[in-house]
Amino acid sequence: MFTRSYNLLGDVLTESFFLFGPRQTGKTTQLAKEFPKALVVDLLKPGVARELNAKPELLSEMIRQYLAKSPQFPIVIIDEVQKIPTLLDVVQSEIFEAEVKHSNLRFILTGSSMRRLLSAGQNLLGGRAGLRTFWPLSYIEATSDPKLAPTIGELVQWGGLPTVIKSAQRKAILRRYIDVYIELEIRAEGVTRNLPKFSRFLEIAALATGQQISMRGVASDVALSESTVTSWFGVLEDTLIGHLLPCYQETHRRKAMTSKKFYFFDCGLSNAILNRFSLSEATPEFGVAMESYVFQNLKIYCAQNVRENLNLFYWRSVDHKEVDFILTRDGAPFWAIEVKSGERLKEADFIGIKAFEEEFPQIRKTLVARVATSSLRTDGIEVTPIEEFLRSLKL
């Protein structure tokens, strides 16, 4: 078992919340571990889903029966809530009633896609529930089981899905993940009938990992309209498979770009989409995958420190100075991070961070690379081995 770094128990003491995360990231396993006495409504069970879909108010009766057992801290977990969006009306009513009665009843509503909830016009409980995100294993979590202890090279190749890390059939699992995603999220949701085109779109998106996205350029590559491509990137975000990373705009000496960069939620998935199952550390492809792996670890860091109000950006000026990642707290940048996959660094590798520092002299500056030891340059830039950097990303 991996040791996860989420504090869901602490979160639920404060409020009910949605827990969104892609499939197979371990949401259900973690909830069962932390809340063994909760009422679990599993909408993946056809019988349960059929009854509640026909009569959503049955949820209230299930809750009454559960509360009659007098649990000390009643928690209701609804798994894959997006399958029956109308249940949110019942949940909202139950939360309101609990507030009136000063009850400590809490809800955890899990999902692998916000798309159906949003398309159904649901308001996500009108602000009565928080939002948490669940990611694949971070580097700290992936290396928490001494029996497995994957290397950084393995994690950059295969990503952080628990089922993938534990398996000897990693290639097959990742390929099946792509097939299941297209079948369950794309075909079943009626996103498009042209699945070959969507598969091609996924390949183009994977090729664009870590790059600024031109919707017009992708549309030309896939032979689709720009509006369709824009909506499909929205689908990737709604189904939590992909993320558009915005450019940090609040610089004045150098005007920032406005386009976003794209990453899949897991570098192993993007490698699988492109059939890259034997990355060599000396190649540009490894560098892209390593940057993607750092991205997902930084997003996990933000998710696991939700009360810190952290947000992730990149920065690129119109005169082509760039920093891979900018972390902000309450809107203010506090950490500039550049990622290099090489073992030998050049002075040119530091240009972007130095340019960003001109506007934010107090910002922490780190260059992450495959170097043997950490060092601090005279200009204040930390040069850090990737393993050491990833171990520092904790609560």
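Scanning the stretch 68-82 for residues that are surrounded by 16 or more Cβ atoms within 10 Å (Cβ to Cβ) and not polar (S, T, N, Q) gives Pro74, Ile75, Val76, Ile77, Ile78, Asp79, Glu80, Val81.
Can you say whether Ala206 is touching a residue at least 12 places away in the same chain (Cβ under 8 Å) and closer than 25 Å to Phe295 by Cα, as far as the supplied structure shows?
yes
How many residues does the stretch 347-360 hold that are surrounded by fewer than 20 Cβ atoms within 10 Å (Cβ to Cβ) and hydrophobic (A, V, I, L, M, F, W, C)? Steps first, answer last, please.
First, the residues of the stretch 347-360 that are surrounded by fewer than 20 Cβ atoms within 10 Å (Cβ to Cβ): 347-351, 354, 357-360.
This time we only want the ones that are hydrophobic (A, V, I, L, M, F, W, C), so: 348, 350-351, 360.
Residues that pass the stated criteria total 4.
Here the condition is being in a strand (DSSP E or B), under 20 Å from Ala303 (Cα atoms) and in contact with a helix residue (DSSP H, G or I) (Cβ under 9 Å, 6 or more places away or on another chain); of Ile108, Ile78, it holds for Ile108 alone.
Does Ile182 meet the test of being in a helix (DSSP H, G or I), assigned by TED's automatic domain parsing to the domain that holds Val288 and within 19 Å of Phe295 (Cβ to Cβ)?
When the stated conditions are applied, Ile182 does not pass them.
Residues are listed down the side, and each one gets a yes or a no for (1) in a loop (DSSP other than H, G, I, E, B); (2) in contact with a helix residue (DSSP H, G or I) (Cβ under 6 Å, 6 or more places away or on another chain):
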| site | (1), (2) |
| --- | --- |
| Leu236 | no, no |
| Arg253 | yes, no |
| Ala272 | no, yes |
| Glu285 | no, no |
| Val288 | no, no |
| Ser292 | no, yes |
| Tyr301 | no, no |
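None of Glu203, Glu226 is more than 30 Å from Val339 (Cα to Cα), over 19 Å from the mean Cα position of the chain (by Cα) and at pLDDT 95 or above except Glu226. For the stretch 361-381, a tally of residues being buried (at least 17 other Cβ atoms within 10 Å of the Cβ), more than 23 Å from Ala289 (Cβ to Cβ) and touching a Ser or Thr at 6+ places or on another chain (Cβ under 9 Å) returns 1.
Here is a yes/no grid of residues against (1) under 27 Å from Val229 (Cβ atoms); (2) in contact with a strand residue (DSSP E or B) (Cβ under 6 Å, 6 or more places away or on another chain); (3) surrounded by fewer than 20 Cβ atoms within 10 Å (Cβ to Cβ):
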{"site": "Trp158", "(1), (2), (3)": "no, no, no"}
{"site": "Thr163", "(1), (2), (3)": "no, no, yes"}
{"site": "Ser167", "(1), (2), (3)": "no, no, yes"}
{"site": "Arg176", "(1), (2), (3)": "yes, no, yes"}
{"site": "Leu184", "(1), (2), (3)": "yes, no, yes"}
{"site": "Glu189", "(1), (2), (3)": "yes, no, yes"}
{"site": "Pro196", "(1), (2), (3)": "yes, no, yes"}
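Inside the stretch 333-345, residues that are modelled with pLDDT of 95 or more, touching an Asp or Glu at 6+ places or on another chain (Cβ under 9 Å) and either among the hydrophobic types (A, V, I, L, M, F, W, C) or surrounded by fewer than 20 Cβ atoms within 10 Å (Cβ to Cβ) (or both) make up a count of 3. Determine whether the stretch 307-323 contains at least one residue that is among the β-branched types (Val, Ile, Thr), free of Cβ contacts under 8 Å to residues at least 40 places away in the same chain and part of a helix (DSSP H, G or I). No: the stretch 307-323 contains no residue that is among the β-branched types (Val, Ile, Thr), free of Cβ contacts under 8 Å to residues at least 40 places away in the same chain and part of a helix (DSSP H, G or I). For the stretch 284-300, which residues satisfy the criterion of being among the aliphatic types (A, V, I, L, M) and out of contact with any Pro (no Cβ under 9 Å at 6 or more places or on another chain)? Of everything in the stretch 284-300, those that are among the aliphatic types (A, V, I, L, M) and out of contact with any Pro (no Cβ under 9 Å at 6 or more places or on another chain) turn out to be Val288, Ala289, Met290, Val294, Leu298. Residue check: Gly126 meets all listed conditions (1) surrounded by fewer than 15 Cβ atoms within 10 Å (Cβ to Cβ); (2) at negative phi; (3) in a helix (DSSP H, G or I) but one, namely (2).
Per-residue answers, yes or no, for (1) at pLDDT below 95; (2) touching a strand residue (DSSP E or B) at 6+ places or on another chain (Cβ under 6 Å); (3) assigned by TED's automatic domain parsing to the domain that holds Gly268; (4) not aromatic (Phe, Trp, Tyr):
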site	(1), (2), (3), (4)
Leu13	yes, no, no, yes
Pro22	yes, no, no, yes
Lys33	yes, no, no, yes
Ala38	no, yes, no, yes
Asn53	no, no, no, yes
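Number of residues in the stretch 147-172 that are farther than 18 Å from Tyr293 by Cβ and either in contact with an Asp or Glu (Cβ under 8 Å, 6 or more places away or on another chain) or not charged (D, E, K, R) (or both): the value is 4.
The values are calculated or read from the model by the stated rules, or taken from the named source; none is laboratory data. No experiment lies behind these values; they were computed from the predicted model shown. With ideal geometry, Cβ positions are generated from the backbone for all residues, glycine too; neighbour counts draw on all protein chains shown.
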